[in-house]
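The values are calculated or read from the model by the stated rules, or taken from the named source; none is laboratory data. What you see is a predicted model; the values in this text were computed from it and never measured. When we count neighbours, we look across all protein chains shown, and the Cβ atoms used for this are built from the backbone with ideal geometry, even at glycine.
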Amino acid sequence: HIPNDTLLYLNNVTVSFDGFRALNELSFMVREKELSAIIGPNGAGKSTMMDVVTGKTRPDSGEVFFHGEVDLTRYDETEVANMGIGRKFQKPSVIESLTVWENLELALAGRRTPFASMFGALSSKGARRIDEVMELIRLSDRKAWLGASLSHGQKQWLEIGMLLLQEPELLLVDEPAAGMTDEETFRTADLLRDLARERSVVVVEHDMAFIRALECPVMVLHEGSVLASGSLDHVQQNQKVIDVYLGR
Ligand code: ADP
Ligand code: MG
(Lines give C-alpha, C1' and ligand atoms only; values in the text may rest on other atoms or scores of the structure.)
(Ligands and ions follow the chains in the order given, each with its own letter.)
Protein backbone atom coordinates (compact mmCIF):
# COMPACT_ATOMS: atom_id res chain seq x y z
CA HIS A 1 0.00 0.00 0.00
CA ILE A 2 1.37 3.39 -1.01
CA PRO A 3 0.01 6.38 0.93
CA ASN A 4 -1.21 9.42 -1.01
CA ASP A 5 1.43 11.72 0.45
CA THR A 6 4.33 9.58 -0.84
CA LEU A 7 6.91 11.75 -2.60
CA LEU A 8 9.57 9.16 -3.41
CA TYR A 9 9.12 5.43 -3.79
CA LEU A 10 11.97 3.04 -4.50
CA ASN A 11 10.62 -0.28 -5.73
CA ASN A 12 12.97 -3.31 -5.74
CA VAL A 13 16.05 -1.38 -6.81
CA THR A 14 19.11 -3.51 -7.56
CA VAL A 15 22.54 -2.14 -8.48
CA SER A 16 25.45 -4.48 -9.22
CA PHE A 17 29.12 -3.66 -9.65
CA ASP A 18 30.89 -6.61 -11.30
CA GLY A 19 28.33 -9.02 -9.87
CA PHE A 20 28.49 -7.49 -6.38
CA ARG A 21 25.10 -6.19 -5.28
CA ALA A 22 25.53 -2.73 -3.76
CA LEU A 23 21.72 -2.43 -3.63
CA ASN A 24 19.71 -5.61 -3.35
CA GLU A 25 16.01 -5.21 -4.20
CA LEU A 26 15.86 -2.10 -2.06
CA SER A 27 12.38 -0.68 -1.44
CA PHE A 28 11.32 2.25 0.70
CA MET A 29 9.17 5.38 0.69
CA VAL A 30 9.69 8.99 1.59
CA ARG A 31 6.60 11.04 2.36
CA GLU A 32 5.98 14.71 1.63
CA LYS A 33 7.55 17.09 4.14
CA GLU A 34 9.06 14.24 6.09
CA LEU A 35 12.45 14.18 7.74
CA SER A 36 14.04 10.72 7.70
CA ALA A 37 17.47 9.31 8.42
CA ILE A 38 19.37 6.43 6.86
CA ILE A 39 22.09 4.72 8.85
CA GLY A 40 24.17 1.65 8.16
CA PRO A 41 27.76 0.43 8.19
CA ASN A 42 30.32 1.45 5.60
CA GLY A 43 29.55 -0.17 2.27
CA ALA A 44 25.86 -0.67 3.13
CA GLY A 45 24.82 1.13 -0.06
CA LYS A 46 23.83 4.53 1.30
CA SER A 47 25.70 6.61 -1.26
CA THR A 48 24.72 4.25 -4.08
CA MET A 49 21.07 4.76 -3.10
CA MET A 50 21.56 8.53 -3.43
CA ASP A 51 23.33 8.02 -6.77
CA VAL A 52 20.33 6.08 -8.06
CA VAL A 53 17.77 8.63 -6.84
CA THR A 54 19.70 11.53 -8.38
CA GLY A 55 20.18 9.86 -11.77
CA LYS A 56 23.93 9.38 -11.40
CA THR A 57 23.72 5.58 -11.39
CA ARG A 58 21.22 3.60 -13.41
CA PRO A 59 19.98 0.52 -11.54
CA ASP A 60 20.02 -2.96 -13.10
CA SER A 61 16.37 -3.31 -12.15
CA GLY A 62 13.67 -1.59 -10.15
CA GLU A 63 12.01 1.82 -10.29
CA VAL A 64 12.29 5.10 -8.45
CA PHE A 65 8.96 6.90 -8.54
CA PHE A 66 8.76 10.62 -7.82
CA HIS A 67 5.24 11.93 -7.28
CA GLY A 68 3.89 8.47 -7.95
CA GLU A 69 4.34 8.33 -11.70
CA VAL A 70 7.66 9.75 -12.90
CA ASP A 71 10.32 7.01 -12.95
CA LEU A 72 13.55 8.85 -12.15
CA THR A 73 15.70 5.99 -13.46
CA ARG A 74 14.88 7.20 -16.99
CA TYR A 75 16.47 10.61 -16.45
CA ASP A 76 19.99 11.94 -16.07
CA GLU A 77 21.42 13.96 -13.17
CA THR A 78 20.58 17.39 -14.59
CA GLU A 79 17.03 16.39 -15.42
CA VAL A 80 16.49 14.93 -11.94
CA ALA A 81 17.89 18.07 -10.31
CA ASN A 82 15.55 20.22 -12.40
CA MET A 83 12.60 18.09 -11.31
CA GLY A 84 13.20 19.24 -7.74
CA ILE A 85 15.70 16.91 -6.10
CA GLY A 86 18.71 18.49 -4.42
CA ARG A 87 21.75 16.65 -3.12
CA LYS A 88 24.25 17.98 -0.67
CA PHE A 89 27.66 16.42 -0.92
CA GLN A 90 30.12 16.48 1.95
CA LYS A 91 32.58 18.81 0.31
CA PRO A 92 31.07 22.30 0.11
CA SER A 93 31.23 24.24 -3.14
CA VAL A 94 31.14 27.60 -1.37
CA ILE A 95 33.33 30.19 -3.11
CA GLU A 96 35.75 31.45 -0.46
CA SER A 97 36.44 34.83 -2.06
CA LEU A 98 32.75 35.76 -2.22
CA THR A 99 30.51 36.83 0.66
CA VAL A 100 27.65 34.77 2.05
CA TRP A 101 25.22 36.98 0.15
CA GLU A 102 27.18 36.74 -3.11
CA ASN A 103 27.41 32.96 -2.88
CA LEU A 104 23.63 32.81 -2.48
CA GLU A 105 23.08 35.29 -5.29
CA LEU A 106 25.20 33.16 -7.58
CA ALA A 107 23.28 30.01 -6.59
CA LEU A 108 19.98 31.75 -7.32
CA ALA A 109 21.23 32.94 -10.69
CA GLY A 110 22.59 29.51 -11.60
CA ARG A 111 19.16 28.04 -11.16
CA ARG A 112 17.97 28.52 -14.72
CA THR A 113 20.08 31.10 -16.49
CA PRO A 114 23.73 30.99 -15.55
CA PHE A 115 25.51 34.36 -15.53
CA ALA A 116 22.28 36.38 -15.82
CA SER A 117 22.61 38.00 -12.42
CA MET A 118 26.23 38.95 -12.97
CA PHE A 119 25.07 41.52 -15.49
CA GLY A 120 21.52 42.27 -14.39
CA ALA A 121 20.09 43.45 -11.10
CA LEU A 122 18.69 40.89 -8.72
CA SER A 123 14.89 41.14 -8.57
CA SER A 124 13.41 42.27 -5.26
CA LYS A 125 11.68 38.87 -5.10
CA GLY A 126 15.05 37.15 -5.46
CA ALA A 127 16.59 39.35 -2.78
CA ARG A 128 13.72 38.57 -0.41
CA ARG A 129 14.16 34.86 -1.00
CA ILE A 130 17.89 35.13 -0.23
CA ASP A 131 17.03 36.96 3.02
CA GLU A 132 14.62 34.16 3.95
CA VAL A 133 17.19 31.49 3.18
CA MET A 134 19.91 33.32 5.19
CA GLU A 135 17.50 33.32 8.13
CA LEU A 136 16.85 29.58 7.73
CA ILE A 137 20.54 28.70 7.57
CA ARG A 138 21.37 30.86 10.59
CA LEU A 139 23.66 33.22 8.66
CA SER A 140 21.62 36.46 8.61
CA ASP A 141 24.24 38.22 10.71
CA ARG A 142 27.04 36.94 8.45
CA LYS A 143 25.68 38.37 5.20
CA ALA A 144 28.85 40.29 4.31
CA TRP A 145 31.32 37.69 5.59
CA LEU A 146 33.61 36.05 3.08
CA GLY A 147 33.21 32.32 2.50
CA ALA A 148 36.80 31.92 3.67
CA SER A 149 36.01 33.38 7.09
CA LEU A 150 33.20 30.94 7.88
CA SER A 151 33.61 27.95 10.18
CA HIS A 152 33.32 24.45 8.74
CA GLY A 153 29.75 24.22 10.03
CA GLN A 154 28.75 27.61 8.63
CA LYS A 155 30.11 26.61 5.21
CA GLN A 156 27.94 23.48 5.31
CA TRP A 157 24.90 25.61 6.15
CA LEU A 158 25.69 28.03 3.34
CA GLU A 159 25.94 25.07 0.99
CA ILE A 160 22.49 23.95 2.14
CA GLY A 161 21.23 27.50 1.54
CA MET A 162 22.62 27.45 -2.00
CA LEU A 163 20.71 24.20 -2.61
CA LEU A 164 17.51 25.64 -1.10
CA LEU A 165 17.53 28.38 -3.72
CA GLN A 166 16.88 25.68 -6.32
CA GLU A 167 13.63 25.09 -4.35
CA PRO A 168 13.92 21.29 -4.16
CA GLU A 169 10.95 19.23 -3.00
CA LEU A 170 13.36 16.57 -1.81
CA LEU A 171 16.74 17.26 -0.28
CA LEU A 172 19.29 14.45 0.14
CA VAL A 173 22.03 15.20 2.64
CA ASP A 174 25.12 13.00 2.97
CA GLU A 175 26.80 13.11 6.41
CA PRO A 176 26.12 16.77 7.22
CA ALA A 177 27.58 16.58 10.74
CA ALA A 178 30.97 15.17 9.72
CA GLY A 179 33.74 17.35 11.15
CA MET A 180 31.38 19.64 13.05
CA THR A 181 31.68 20.72 16.67
CA ASP A 182 29.02 19.43 19.08
CA GLU A 183 27.25 22.79 19.02
CA GLU A 184 27.25 22.93 15.22
CA THR A 185 25.99 19.35 15.11
CA PHE A 186 22.95 20.20 17.22
CA ARG A 187 22.28 23.41 15.31
CA THR A 188 22.41 21.38 12.09
CA ALA A 189 19.85 18.89 13.43
CA ASP A 190 17.65 21.88 14.31
CA LEU A 191 18.14 23.36 10.86
CA LEU A 192 17.21 20.12 9.08
CA ARG A 193 14.08 19.78 11.20
CA ASP A 194 13.12 23.33 10.18
CA LEU A 195 13.73 22.54 6.50
CA ALA A 196 11.46 19.49 6.62
CA ARG A 197 8.49 21.75 7.37
CA GLU A 198 8.51 22.79 3.72
CA ARG A 199 10.11 19.85 1.88
CA SER A 200 11.20 16.25 2.37
CA VAL A 201 14.68 15.75 3.76
CA VAL A 202 16.62 12.46 3.79
CA VAL A 203 19.79 12.43 5.87
CA VAL A 204 22.55 9.82 5.71
CA GLU A 205 24.65 9.92 8.86
CA HIS A 206 26.91 7.97 11.24
CA ASP A 207 26.77 10.20 14.31
CA MET A 208 24.18 8.69 16.67
CA ALA A 209 23.89 11.81 18.85
CA PHE A 210 23.02 13.73 15.70
CA ILE A 211 20.48 11.12 14.56
CA ARG A 212 18.85 11.27 17.98
CA ALA A 213 18.62 15.06 17.78
CA LEU A 214 16.81 14.77 14.44
CA GLU A 215 13.91 13.05 16.26
CA CYS A 216 12.81 11.34 13.06
CA PRO A 217 12.18 7.85 11.63
CA VAL A 218 15.32 5.85 10.91
CA MET A 219 16.03 3.21 8.30
CA VAL A 220 18.97 0.83 8.73
CA LEU A 221 20.57 -0.22 5.48
CA HIS A 222 22.71 -3.36 5.37
CA GLU A 223 24.12 -5.11 2.29
CA GLY A 224 21.90 -3.03 0.06
CA SER A 225 18.59 -3.82 1.76
CA VAL A 226 16.50 -2.45 4.62
CA LEU A 227 17.43 -4.31 7.80
CA ALA A 228 15.08 -2.42 10.11
CA SER A 229 13.11 0.82 10.27
CA GLY A 230 11.22 2.87 12.83
CA SER A 231 12.23 5.16 15.65
CA LEU A 232 15.90 5.21 16.66
CA ASP A 233 15.04 3.49 19.96
CA HIS A 234 13.13 0.83 18.06
CA VAL A 235 15.91 0.01 15.59
CA GLN A 236 18.58 0.13 18.31
CA GLN A 237 16.75 -2.67 20.12
CA ASN A 238 16.54 -4.81 16.99
CA GLN A 239 18.84 -7.84 17.42
CA LYS A 240 19.81 -7.94 13.73
CA VAL A 241 20.82 -4.28 13.95
CA ILE A 242 22.81 -4.87 17.13
CA ASP A 243 24.61 -7.77 15.44
CA VAL A 244 25.63 -5.99 12.24
CA TYR A 245 26.04 -2.42 13.28
CA LEU A 246 25.47 -1.22 16.79
CA GLY A 247 27.00 -4.13 18.65
CA ARG A 248 30.47 -2.66 18.82
P1 ADP B 1 27.99 3.49 1.86
O2 ADP B 1 27.74 4.85 1.30
O3 ADP B 1 26.85 2.93 2.62
O4 ADP B 1 29.25 3.44 2.68
P5 ADP B 1 28.35 2.76 -0.93
O6 ADP B 1 27.01 2.96 -1.52
O7 ADP B 1 29.36 3.80 -1.17
O8 ADP B 1 28.21 2.47 0.65
O9 ADP B 1 28.95 1.40 -1.45
C10 ADP B 1 28.26 0.16 -1.40
C11 ADP B 1 29.15 -0.93 -1.97
O12 ADP B 1 29.25 -0.77 -3.38
C13 ADP B 1 30.56 -0.90 -1.41
O14 ADP B 1 30.99 -2.25 -1.25
C15 ADP B 1 31.34 -0.21 -2.50
O16 ADP B 1 32.68 -0.65 -2.51
C17 ADP B 1 30.62 -0.63 -3.76
N18 ADP B 1 30.68 0.40 -4.81
C19 ADP B 1 30.12 1.62 -4.75
N20 ADP B 1 30.34 2.31 -5.90
C21 ADP B 1 31.05 1.49 -6.70
C22 ADP B 1 31.61 1.60 -8.03
N23 ADP B 1 31.41 2.71 -8.76
N24 ADP B 1 32.28 0.53 -8.53
C25 ADP B 1 32.43 -0.59 -7.79
N26 ADP B 1 31.96 -0.77 -6.56
C27 ADP B 1 31.28 0.25 -6.00
MG1 MG C 1 28.73 6.69 1.59
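Between Ile38, Ile2, which is under 19 Å from Pro217 (Cβ atoms), aliphatic (A, V, I, L, M) and within 16 Å of ligand 2 (Cβ to nearest atom)? Please lay out each step first, then the result.
On the way: Ile2 fails: within 16 Å of ligand 2 (Cβ to nearest atom).
None of the other options fit; the residue is Ile38.
Consider Gly40 against the criteria (1) at pLDDT below 95; (2) among the small types (Gly, Ala, Ser); (3) more than 10 Å from ligand 1 (Cβ to nearest atom); (4) buried (at least 16 other Cβ atoms within 10 Å of the Cβ): it satisfies all of them except one. Which criterion is unmet?
Here Gly40 meets the rest and fails (3).
What's the number of the only condition in (1) surrounded by 19 or more Cβ atoms within 10 Å (Cβ to Cβ); (2) out of contact with any Cys (no Cβ under 9 Å at 6 or more places or on another chain); (3) within 24 Å of Met208 (Cβ to Cβ); (4) at pLDDT 95 or above that Arg31 fails to meet?
The failed condition is (1).
Within region 49-56, does at least one residue satisfy the condition of being surrounded by fewer than 21 Cβ atoms within 10 Å (Cβ to Cβ), within 15 Å of ligand 2 (Cβ to nearest atom) and at pLDDT below 95?
Within region 49-56, none of the residues are surrounded by fewer than 21 Cβ atoms within 10 Å (Cβ to Cβ), within 15 Å of ligand 2 (Cβ to nearest atom) and at pLDDT below 95.
Where in region 90-186 are the helices (runs of 4 or more DSSP H), entirely inside, with at least 2 residues that are modelled with pLDDT of 95 or more?
Details: elements: 100-109, 116-119, 124-136, 152-164.
Where helices (runs of 4 or more DSSP H) fall fully within region 90-186 and carry at least 2 residues being modelled with pLDDT of 95 or more, they are 100-109, 124-136, 152-164.
If I ask for residues that are in a strand (DSSP E or B) and not polar (S, T, N, Q), which ones from region 227-248 would you list? Working first, answer last.
Applying the first criterion (in a strand (DSSP E or B)) to region 227-248 yields 227-230.
Selection gives Leu227, Ala228, Gly230.
How many residues are more than 19 Å from the chain's Cα centre (by Cα) and either closer than 28 Å to Leu191 by Cα or in a loop (DSSP other than H, G, I, E, B) (or both) if we restrict to region 214-226? Walk me through how you get there before you give the answer.
Taking region 214-226 and keeping what is more than 19 Å from the chain's Cα centre (by Cα), we get 222-223, 225.
From what's left, either closer than 28 Å to Leu191 by Cα or in a loop (DSSP other than H, G, I, E, B) (or both): 222-223.
The number of residues fulfilling the criteria is 2.
Considering Leu26, Leu8, which residue is of a type in the set (A, V, I, L, M) and either within 19 Å of Glu223 (Cβ to Cβ) or within 16 Å of ligand 2 (Cβ to nearest atom) (or both)? Step through it out loud before you land on a result.
Working: Leu8 fails: either within 19 Å of Glu223 (Cβ to Cβ) or within 16 Å of ligand 2 (Cβ to nearest atom) (or both).
One residue alone meets the criteria, Leu26.
Restricting attention to region 80-98, and to residues there that are in contact (Cβ under 8 Å) with a residue 12 or more places away in the chain and among the charged types (D, E, K, R), which single residue is surrounded by the fewest Cβ atoms within 10 Å (Cβ to Cβ)? Break it down into steps so the answer makes sense when it comes.
Step one: filter region 80-98 for residues in contact (Cβ under 8 Å) with a residue 12 or more places away in the chain, giving 80-81, 83-90, 92-98.
Those left that are additionally among the charged types (D, E, K, R): 87-88, 96.
On the way: Arg87: 20, Lys88: 22, Glu96: 12.
Result: Glu96.
Go through region 15-68 and give me each residue that's without any contact (Cβ under 8 Å) to a residue 40 or more places away in the chain and within 20 Å of the chain's Cα centre (by Cα). Reasoning before the result, please.
Kept after step one, since they are without any contact (Cβ under 8 Å) to a residue 40 or more places away in the chain, are these residues of region 15-68: 17-20, 29, 42-43, 51, 55-56, 58.
Those that are without any contact (Cβ under 8 Å) to a residue 40 or more places away in the chain and within 20 Å of the chain's Cα centre (by Cα): Met29, Asn42, Gly43, Asp51, Gly55, Lys56, Arg58.
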